[in-house]
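Take a look at the structure set out below.
The values are calculated or read from the model by the stated rules, or taken from the named source; none is laboratory data. This one's a predicted model, so the numbers in the text were calculated from it and none came from an experiment. Neighbour counts are summed over all protein chains in view; Cβ atoms, including those assigned to glycine, are modelled from backbone coordinates with ideal geometry.
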Amino acid sequence: MAPNLVTLTGLFCVGGGAFLLKWYDPYFCTTAPAWVYGVALVGHWLYQTLDAVDGKHARATKSSSPLGQLFDHGCDAFTTNIVGNLNCHCMQYGGSPWTVFNTVLNFQCFFLAQWEEYHTGLLVTNNGVFGLTEGQFAQFAMMGSVAVLGPESWQQPLPYVNMELRHLALIPMAATTFVLAGGSFLRVIRAAPLKKKDIGDKDVTSKDCFMQLVPMYTMYVLGMLLTRAEMFSSRPLELTMLWGVGCSFYTTQVIVAQMSKSRIHYKTALVRIVAPIAFVTVYLSADVDRVNDSFVVLIWAAILLGQYFYFAAGTCLDLASALNINVLSQGSRK
């Protein structure tokens, strides 16, 4: 079995669990049957497990390649949005700013880790105390508790503060994200210049370094602005999908640029990815007569998703052709 096929199988597992939850809970506020949360938990666990073993499998079968690393990280970028949605389903954040805030926290560390690797050549996913692995186990524990006790167990009001347990759970998540993100910024600022052979065609000047963050942080702001739209309170899934696809798409572009030692085309991303989300934000906020809001959002989400898949598939096929290997099977091309 090809290593990339192992990764793709894991993606289908977590995606299947997420789809099942969306079927029973399309608005992040409906309680699904307990077994649905259990299936989503198993799907998430299978993805993380297969994502961890695909590299070892590649080395064992002597089929390691740059394409495998790119495919692995690209699937991680797409899954980040799915995992954020799983949290929202379990915590039942509904059409509130908590939904976007939760998803921002999921994207922040992963995106900055890729950006940091672009400028330092090192991928750091922890600070020596906590990191990706600890975060995954915490999420598994949360999803397990929801499967056994139900999402209502996280909606208990807390004494002395006007807050529920599900909201309090975001505080340690936000704190760890802040620490890990701060570490990424400091390491990039303090990093020694890359060697000439590692720079390639990268843009690593101080100006470009921070301009590369503009598309992602603009989408964070747009995501919070979308929560003010009337549609978000009743149908948050469509808007979350549109916004989340944009974040995954740009993260994937950063990963490809890092792997290929090429430029991050942040200006193009502002036009092709951020602009559609900005248009929808303005459109839904404008005091004008509008057509079916869901239809407009889904059309733009489909356009973004089409661009994303076209970019991902084209990149994989081009790299496979250059390396004379297959994407989803072992051995060289004939």
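Set side by side, the residues 104, 124 differ, and just one is touching a Gly at 6+ places or on another chain (Cβ under 9 Å), touching a residue at least 60 places away in the same chain (Cβ under 8 Å) and under 27 Å from residue 19 (Cβ atoms), which is 104. For the stretch 135-164, a tally of residues being in contact (Cβ under 8 Å) with a residue 24 or more places away in the chain and charged (D, E, K, R) returns 1.
Taken over the stretch 48-79, the criterion of being closer than 21 Å to residue 321 by Cα and within 19 Å of the chain's Cα centre (by Cα) is satisfied by 68, 69, 70, 71, 72, 73, 74, 75. Any residue at all in the stretch 176-196 that's under 19 Å from residue 305 (Cα atoms) and under 17 Å from the mean Cα position of the chain (by Cα)? No, there is no match, as no residue in the stretch 176-196 is under 19 Å from residue 305 (Cα atoms) and under 17 Å from the mean Cα position of the chain (by Cα).
Let's see how each residue does on (1) under 28 Å from residue 212 (Cβ atoms); (2) touching a Leu at 6+ places or on another chain (Cβ under 6 Å); (3) surrounded by fewer than 18 Cβ atoms within 10 Å (Cβ to Cβ):
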site: 43; (1), (2), (3): no, no, no
site: 49; (1), (2), (3): no, no, yes
site: 73; (1), (2), (3): yes, no, no
site: 83; (1), (2), (3): yes, no, no
site: 87; (1), (2), (3): yes, no, no
site: 99; (1), (2), (3): yes, no, no
site: 109; (1), (2), (3): yes, yes, no
site: 140; (1), (2), (3): no, no, yes
site: 150; (1), (2), (3): no, no, yes
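Screening residue 20 on (1) within 21 Å of residue 241 (Cβ to Cβ); (2) touching a residue at least 60 places away in the same chain (Cβ under 8 Å); (3) surrounded by fewer than 23 Cβ atoms within 10 Å (Cβ to Cβ); (4) among the aliphatic types (A, V, I, L, M) shows it passes everything except condition (2). Annotation note: of 52, 58, the sole residue that is part of a helix (DSSP H, G or I) and in contact with a Pro (Cβ under 6 Å, 6 or more places away or on another chain) is 58.
In the stretch 278-295, the residues that are at pLDDT below 80 form Cβ pairs under 9 Å with partners that are not charged (D, E, K, R), at six or more places apart or across chains, as follows: 290/283; 290/284; 290/296.
Considering only the stretch 313-324, I want to know if a residue exists there that is at pLDDT below 90 and in a loop (DSSP other than H, G, I, E, B). Looking through the stretch 313-324, at least one residue is at pLDDT below 90 and in a loop (DSSP other than H, G, I, E, B). For the stretch 175-227, the candidate set comprises residues that are in a loop (DSSP other than H, G, I, E, B) and closer than 29 Å to residue 301 by Cα; within that set, the residue that is modelled with the lowest pLDDT is 227.
Scanning the stretch 14-49 for residues that are part of a loop (DSSP other than H, G, I, E, B) and not charged (D, E, K, R) turns up 26, 27, 28, 29, 30, 31, 32, 33.
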